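Structure record follows, encoded as structure tokens.
Readers should treat all values here as calculations from the given coordinates under stated rules, not as data from a laboratory. Predicted model, so just to flag it, every value in this text is computed and none were measured. Reconstructed Cβ throughout: ideal geometry from the backbone, glycine too, with neighbour counts over all protein chains shown.
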Amino acid sequence: MAVARALPAARILLRTHPAGAWADGLGHELARFGNITTAPAAQTRRDLIGALGILRGIKRVITTPSTIALDAALTGLPVALAADGGGLYAPLPVLTSPADWVRFASSADVDGETLDLFRSRVLVPGDGAARIAERLRRDLLS
């Protein structure tokens, strides 16, 4: 809500996770902000638009530690975390205060170095099919 108040011209999309639905209960509280659009869990389950489709037209992403962080980084969008994801999500910024949220949301900069470091750390080059099949084989035989 700090971002909605500080940046009234910003258009904000709050997309609830289809399974978790944690933000569905915020609709009444957020209704007073004309710059926030919410997509409740039931809608996200019905709409077959994947993360990459949703990320089109978005300028910045704030997410919980999830694959959305990787999707955003892969598209080159600035991405920050609303909660600490530990070493797995380093070096993405973690927003710990309302001021952090506003600063990130209002910045015009893209920290390409951070995105490059994150992508290079979490992606394994090449075709993953053989590695996935081997992992499944090992797991099933254990």
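With Cα atoms defining each centre, the stretch 15-45 and the stretch 118-136 are spaced 33 Å apart in the structure. Here's how it looks for Asn35: its modeled amide H is under 5 Å from none belonging to a residue 5 or more places away or on a different chain.
For the options Ala31, Ala72, Ala39, a Gaussian network treatment of the chain with springs between C-alpha atoms closer than 10 Å singles out Ala31 as fluctuating the most. Per-residue ellipticity at 222 nm computed for the chain from its helices equals -11000 deg cm²/dmol, with DSSP H segments shorter than 4 residues left out and the rest contributing -39,500 (n - 2.57).
Determine, for Ser106, Ser66, Ser120, the number of other Cβ atoms within 10 Å of each Cβ, and report the residues in order from fewest to most. Please list the in-between numbers first.
Values: Ser106 12, Ser66 16, Ser120 9.
So the residues, fewest neighbours to most, are Ser120, Ser106, Ser66.
Charge tally around Arg119: other residues with Cβ under 15 Å, Lys/Arg +1 each, Asp/Glu -1 each, net -3.
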